[in-house]
1. Of all chymotrypsin sites (Phe, Trp or Tyr not before Pro) in the range A:213-278, which ones are in loop regions per DSSP and have a Cβ with at most 15 other Cβ atoms within 10 Å?
2. Can you give the translational diffusion coefficient of the range C:97-205 in µm²/s, computed by Stokes-Einstein from the Kirkwood radius over Cα pairs at 20 °C and 1.002 mPa s?
3. How large is the convex hull of the C-alpha atoms of the range C:4-248 per residue, in Å³?
4. Taking 0.36 nm per residue of separation and subtracting the Cα-Cα distance, what length does fully extending A:Glu246 through A:Leu56 add?
5. For the range A:182-247, state the semi-axes of the equivalent ellipsoid (square roots of 5 times the eigenvalues of the alpha-carbon gyration tensor), sorted largest first and rounded to whole angstrom.
6. If the viscosity is 0.890 mPa s and the temperature 25 °C, what Stokes-Einstein diffusion coefficient in µm²/s follows for the range A:151-222 when Rh is the Kirkwood radius over Cα pairs?
7. Could you calculate the FRET efficiency of C:His205 with C:Lys22 from 1/(1 + (r/R0)^6), where r is the beta carbon distance between them and R0 is 25 Å, rounded to 0.05?
8. Of B:Phe238, B:Pro83, B:Thr192, whose Cα points farthest to the positive end of the dipole of the range B:71-261 (charges on the beta-carbon: +1 Lys, Arg; -1 Asp, Glu; origin at the Cα centre)?
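Just so it is clear, none of the values below were taken in a lab; they were calculated from the coordinates. Keep in mind it's a predicted model, so treat the numbers as computed, not measured. We place every Cβ from the backbone using ideal geometry, glycine too, and count neighbours over all the protein chains shown.
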Amino acid sequence: MDRRKLEEAIFKGLMFCSIFLVVGSLLTIIGVVLIKGLPALSIQMLTQIPQGGYYLGKEGGILNAIVGSLYLAGGATALAFVISLPVALYIEEYAGRSKLADFARLSLDVLWSVPSIVFGAFGFAIMTFLGMRASLLGGIVTVALLILPIMVRAMDEVVRMISFELKESSYALGATKFETVVKVVVRQALPGILTAVLLAFGRGIGDAASVLFTAGYTDRIPSSLFDPVATLPLAILFQLGTPFPEVQNRAYASAVVLTVIILTLSIVSRLLTKKLTKYVVR
Amino acid sequence: MNRKLTELIASKLMLIVTVFSVSLVFIIAFALFQRGSRVLMQVSLYDLLFSSAWYPTRGEFGFYPFIMGTLWVTALAMVIAIPICLLSSIYLAEYAPSKVRGIIKPLVDLLAGIPSVVYGLWGVLVLVPFIRNYLAPLVGAKTNGYCILAGGIVLAIMVFPIIISVSEEVFRTVSNELREVSFAVGATKWQTVKHVVMRKAFPGFIAAVILGFSRAFGETMAVLMVVGNVPQVPSSIFDQGYPLPALIANSYGEMMSIPLVDSALMLAALILILVVFLFSVAARIVLLRIERRAM
Amino acid sequence: MLKPHISVQNLNVLYGDHQALKDVTVDIPEKQITAIIGPSGCGKTTLLKSFNRLIDLVEGVKISGTILVGGVNIYSVDVDVTEVRKRMGLLAQKPCPLPMSIYDNVAYGPKIHGIKKREELDQIVQHCLHSAGLWEEVKDRLKAPASRLSLGQQQRLCLARALAVEPQVLLCDEATSALDPVSAQRVEKLLLSLKGDYTVVMVTHVLRQARRLADYIIFLYMGELVEYGPAEKIFKNPKNSRTQAYIKGVFS
C-alpha cells in the first residue's frame, strides 16, 4: 500500500518537474527575447530601411525585412492555399478510402517531415537550372512547397471530421459531388481551413533555411518579383553575426518583431475561428 | 448538362493538382540526385559516407563527421525529450484539472510557433554561456559552450510541443470505461495509467516520438547557431559538432565558388530526404504492426 | 391498390458480404402514406434509401433489380442520379441543417437546380417554410444560422428544405425518433397534411406511429418482404405469422 502511494508520489513529482521545464523554457525564451529586444526596438527600427553604415551601427531600421517577410510569406501562403485546398478536398471527398488516398497521405506525410534546408537546396537547384537569381519569386515558390504539406495535413484533418449525414443531406437534394464539396463541406470546414492557413503562414514567415539560398538579401524593399528580398529570420541571423553590439541589439529587436507577428497570428486565428463557427453545424 | 460538365472539369483539375502534390517528394529527390550525382564521379559513395576528410578545395568530400554530428545531436535531443514529454502529456491528459490544462496546452502549442532562429538566439544568449560557465565545470569538461549538448537541448525544446500535443491527444482517446475497469479492481490512478492507459496508447506515443524525431533530425538554424560547427566526429556531448543540415546552410558561399561543392551538398540534402523517407515508411509499418497486435 | 408510384422488382442489395435486401418486390401507392416496419437491421432504411439512390454512396455496395418510379427505372445506366434525387425528398432521422442561414438552407436545393432570381427564391422559401409549419417562428430571422434552432424546428426546416426542390415523393427515415413528443406530434401532423400532394414513404420502428399515420404497410424481416397491404388489413388481420408476432409486440 505504502509503496504504491510512494511510487505515485514520485512520478507525480517528476511530472510536475517536466511540465515546469516545458512551460519554463517557453517563458524563458520569450522572456529573453523581450528583455533583450524591446530596449533596442524603436520607431526608427520599424519604419526605416537600413541606411549607409547600418551594419556598422549607424542609421536605419529593419523595414526591408519586415515588408520583405510579409510579401514572401503572404505570397507563399496564397500559392500554397490555391493548391492545398483542392488537394485536401480531393483526397477526402473523391479518393475517399482508395489506395490513391492512402498513397497520397503517405507521400504528403513524408513531404511534411522533409527538413526546410532540403527545400532550400531544391529551390536553389531549380533556380540555377532555370538561370534565375535569388529573388522574391524564388523564395515564394520554395516556401510555398515547404508549407504545402502543413496546410494539406491541417485541412485534411478538418475535412475528415465532417459527418456523412451532412453530405448526405446535400446529395439527397440532388447536388453533385462538386457542389456538395464547395457549398457544404468547405462552409462547414471554414474555421479549420482558416486555422490551417494561418498555421502555415506562421511557419513560412519564421523559416530561415528555405530562404537562405533562394530569396537573397537586400537592404531595399523589392519592387518586383525578381528582386532579391530581405526576410526577418535572415535579418536576425546576419545582424547577430556582426561584431558590433549595436547591430546585435538590432538582431534582438528583429527577433521581437518576428515573434510578435507569429504570436499575434496565433491569437487572431483562435479568435477568428470562434467567429467563423457561427454557421457551422454542431 | 452544364452541371455535369462543371463536375467533370472540376474533378479532373483537382486530380491533376493532387497528383502533382503527391509526386513532389519524388520530384525533389530526383532533382537532388541529378545535381548530386556529379560528385559521385569524383568521390566514391563509400568515401562520401565514411571518410572524415572534408576539404572541398582539394576535391575531398567526406560526410562522416557531419553524419555523426547529426546523429549525436538528434539522439541527445530524443533522450532528453522523450521522458519529459511522456510525463508532461500524462500529466496533462490524466491529472491536470481542466482549468490548468486550458492554460498549459495553449502555452505548449505556442512553443511550436516560435521560429528556429529565435530558438537559436536564445541558445546563444542563455544556453551557451550557461553550459560554458556552470554545467561544464560541474562535470569537469572544458568547452566554450558551443557544443553538442547545446544543440541537443535546443532541439529537445523544439520537439516538446509536437510530441506532447500528439501524445496527450492519444491518451485522451483511451476510453474512460477502460480506466473505470482498472479502478474497480482497486488500482491507484498511477497504476491505471502505467498499466492500462499507457499500454493502449503506446502506438500513438511511438507515432508522436517519430514525428518529433523527424522534426529534430532536419532542424537547421537553431542547431547551427549553438553547436560549434567544427567538422569533427564528436566523442562527448561537450564536443563541438557539425550536423549535416548546418553544413549545407553554411556552405552557400562555397557552393557558388568551389566546383563540385554544390553537387556534394545536393547529395547531402538527398541523404536527408532519404532518411526521412525511410523513417516515415518504417514508422507506418511499425505502427500498423503494433496496432494489429493490440487488436 | 391505387396507382403505384414506385414499383420495386426483385431488388437485391449487398453491402460487401452482407445481404441487406433479398429479392424484394413491392409497390408503393401514389399520394398515400406507406410505412415500412420491421425489427432493427431488417433493411428498412436500405429499402428507403434505394428509392433515392443514396445507397449508391456506400462503399462496396452491390445493387441488382429494378425500381420503377413513374414507369422509369431509376437504376438504368442512362439515368441522371441528381434528377432522381430531386424527385425524392429526404427527411433523415437526425435533423441535419446545412451550415448556412435558415433562408439559405431552404434555398440551397432550388439554387443548385438553376433558380437564381431573388423573387423566385423568396417565394419558394416562404411557401416551403409555411408548408413545414415553421414560417411564423422564423420569418423575422431568416438570416440567422440554422444551427441555432431547436431540434424540432431544425427537423421542420429539413422538411421545408426537402419540399423546396418540388419532389414527388417524401422519404422519411425515422424522422421523429430524435424529437421530443410535442415536436414529434407536429411533424406527424405535417406529414398527414402533405399526404394529398406527395407520396410519403416512412420508416418507423414505433408501431403506434404506423397505426396513426399509415395507409399502407410494408413489413420487412431480415431483408425479406414478408407482407404488405392496406394498413387496416395488416393490423387487424395479418396473413403471416411473423407479421402477427411483430404486431403483437413479441419482438420489436
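1. Numbers: sites: A:Phe213, A:Tyr217, A:Phe226, A:Phe238, A:Tyr252; in loops: A:Phe213, A:Tyr217, A:Phe226.
Sites meeting the loop and neighbour criteria: A:Phe226.
2. On the way: Rh = 14.0 Å.
Calculated translational D: 153 µm²/s.
3. Values: hull volume 30.2 nm³, N = 245.
About 123 Å³ per residue, rounded to a whole number.
4. Details: separation 190, 0.36 × 190 = 68.40 nm, distance 0.82 nm.
Once the chain is fully extended between A:Glu246 and A:Leu56, it gains 67.6 nm.
5. Numbers: eigenvalues 243, 47, 16 Å².
Here the semi-axes work out to 35, 15, 9 Å.
6. 166
7. Numbers: r = 20 Å, r/R0 = 0.80.
E(calc), rounded to 0.05, equals 0.80.
8. Among B:Phe238, B:Pro83, B:Thr192, the one farthest towards the positive end of the dipole of the range B:71-261 is B:Thr192.
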